[in-house]
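What follows is a single structure, written as structure tokens, with notes after it.
Only the coordinates and a few stated rules stand behind these numbers; no lab work does. Because the structure is predicted, anything quoted here is derived from the model rather than measured. Note that each Cβ is placed from the backbone with ideal geometry, even for glycine, and that neighbours are counted across all protein chains shown.
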Amino acid sequence: MRYALLVALIAAMATSFASAQPPGAAEEHEDNAEIAVDAEVIASRAAAHKFGKTLKEALQQAIKAGGPANGITVCHDQADQIAARLSEELEMLVGRTSLKVRNPNHTPDAWETAVLKQFEARKVQGESVDRLEFFAVIDDDQGQQTFRYMKAIPTAGLCLNCHGEKIAPEVDAELKKLYPYDQARGFSEGDLRGAFTIAKPLPQKETP
Ligand code: HEC
């Protein structure tokens with residue numbers, strides 16, 4: 001996909017995000033739309049998996065080479081770049097979000113907030129965090145149908161270096177410098193850290 005197309009995609013997303021409905025409000029979509037949605041779900045699962053794997057590998061490598069303070073560089077400089085590259089490659093908008101964000105650019109919109117809360121509720125009911133996912137087709141104000149997908153991100157031991165209760169002084173100092181509004185601390189292993197979030201505008205409905 002060309003860059004201009006990605007920009008157009010992001011612009012379309014911005015309008016659809018603004019009018020996003022909470023989960024459950026999305027109407028059942030009729031006819032063969034279901035088949036298209038199945039394909040988007042499969043593509044989204046693959047995209048979330050690829051994004052997570054790429055990030056984790058880069059992070060593990062950086063920490064191994066220079067400790068957690070060095071890992072911050074990967075998260076700070078590379079995470080959003082990896083997301084942008086994958087969005088272009090996979091022709092869907094790929095990102096991460098959370099109810100407690102470190103980078104304010106990752107603040108969830110209304111639809112994402114509702115899904116994250118739904119994930120927390122499902123976790124309380126005993127569902128395993130690494131299996132939580134949700135998707136819906138949402139109409140924006142212009143009637144543009146957008147497929148949206150989220151997949152929960154569990155907190156692993158490695159994550160506690162930078163998202164846990166006790167953070168090493170040099171890591172803490174660097175995080176405070178880069179993220180004065182950091183909320184992404186105090187997590188424990190197994191907590192819902194956040195979610196991968198994916199969006200893709202669907203082809204326009206034919207008007208009879
Ligand atoms: C070396 C420190 C470090 C480690 C280890 C780390 N993170 Fe992060 N994490 C960060 C930083 C820094 C950001 C902000 C990235 C940015 O500015 O785009 C971040 C952002 C995130 C975000 C995006 C939402 C937000 O808060 O901005 C998620 C989700 C996330 N981390 C999950 C994890 C998970 C899951 C792990 C363990 C597998 C992990 N992190 C390990 C430093 C770390």
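Computed quantities for the displayed model
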read-out: Label zone at A46, where the point sits 7 Å out along the Cα-to-Cβ direction: region 77-110 residues whose backbone N lies under 13 Å; value: 89-92
read-out: Anisotropy class of region 96-154 from Cα gyration tensor, a/c 1.5 cut; value: oblate
read-out: Residue-span extension gain [D130 to T54] - 0.36 nm each, minus C-alpha spacing; value: 25.7 nm
read-out: Label-point separation, K176 to Q61 (7 Å along Cα→Cβ), nm; value: 3.2
read-out: Cβ-Cβ FRET estimate between A156 and A39, R0 fixed at 30 Å, reported to 0.05; value: 0.50
